[in-house]
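See below for the structure under consideration.
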Amino acid sequence: MRRVVVDSSVIVKWAIPEDFSENAVKILRDMGLGVVSLYAPTLALSEVSNVLWKYVLKGFLTSDQAKKAIDLISSIDVSYVKENWRQLENALAIALDESISVYDALYVVLAKELNAELVTADEKLYQYAKKRVNAFFISSYR
């Protein structure tokens with residue numbers, strides 16, 4: 001079974017129709033078929049909630065829709081890995097060297113530790129990650 005780390009930009013697409021949502025659903029299909037197991041740092045929970053909050057503020061979603069999205073996302077079998085200080089230290093070093101956020105770097109650190117693929121819909125994260133781990137932009141998920 002392939003291990004796949006998904007970031008918040010992918011997770012949100014499971015509940016909110018937006019560009020590349022159909023590709024994100026392919027990941028869920030593969031999980032259901034037992035082809036992949038999904039992982040994310042616990043940070044993703046806060047990031048996803050924050051994205052949904054922003055969508056409500058901008059009028060893209062109602063608060064009820066955001067709550068339903070959380071309910072849907074929480075029902076999906078993702079192994080959320082609690083970050084530790086060593087991972088955060090590694091992510092900080094990457095962030096400082098590469099001008100990406102510590103949050104984004106943490107997904108790369110986790111993918112490397114798990115020897116997993118990383119799937120993202122964040123172009124900047126993808127451009128960095130593809131040089132360090134087996135990374136895919138969501139549109140090319142196979």
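Is it true that LEU106 is outside any loop (DSSP other than H, G, I, E, B), touching a residue at least 24 places away in the same chain (Cβ under 8 Å) and buried (at least 20 other Cβ atoms within 10 Å of the Cβ)?
It is true that LEU106 is outside any loop (DSSP other than H, G, I, E, B), touching a residue at least 24 places away in the same chain (Cβ under 8 Å) and buried (at least 20 other Cβ atoms within 10 Å of the Cβ).
(1) assigned to a helix (DSSP H, G or I); (2) within 27 Å of ARG2 (Cβ to Cβ); (3) among the small types (Gly, Ala, Ser): which one isn't true of SER37, the others all being true?
Evaluating SER37 over (1) assigned to a helix (DSSP H, G or I); (2) within 27 Å of ARG2 (Cβ to Cβ); (3) among the small types (Gly, Ala, Ser) leaves (1) as the failure.
Run down ASP77, ASP30, ASP7 and say which single residue is under 15 Å from ILE138 (Cα atoms) and more than 13 Å from the chain's Cα centre (by Cα).
ASP30
For the range 77-91, give me each residue that is out of contact with any Ser or Thr (no Cβ under 9 Å at 6 or more places or on another chain), exposed (fewer than 15 other Cβ atoms within 10 Å of the Cβ) and not charged (D, E, K, R).
Those that are out of contact with any Ser or Thr (no Cβ under 9 Å at 6 or more places or on another chain), exposed (fewer than 15 other Cβ atoms within 10 Å of the Cβ) and not charged (D, E, K, R): ASN84, TRP85.
Quick one: in the range 116-142, which of the residues that are in a helix (DSSP H, G or I) and buried (at least 18 other Cβ atoms within 10 Å of the Cβ) is farthest from the chain's Cα centre (by Cα)?
That would be TYR128.
Here, each number is a calculation from the coordinates, and none is a lab measurement. As the structure is a prediction and not an experimental result, all values here were calculated from the model. Backbone-built Cβ (ideal geometry, glycine too); neighbour counts: all protein chains shown.
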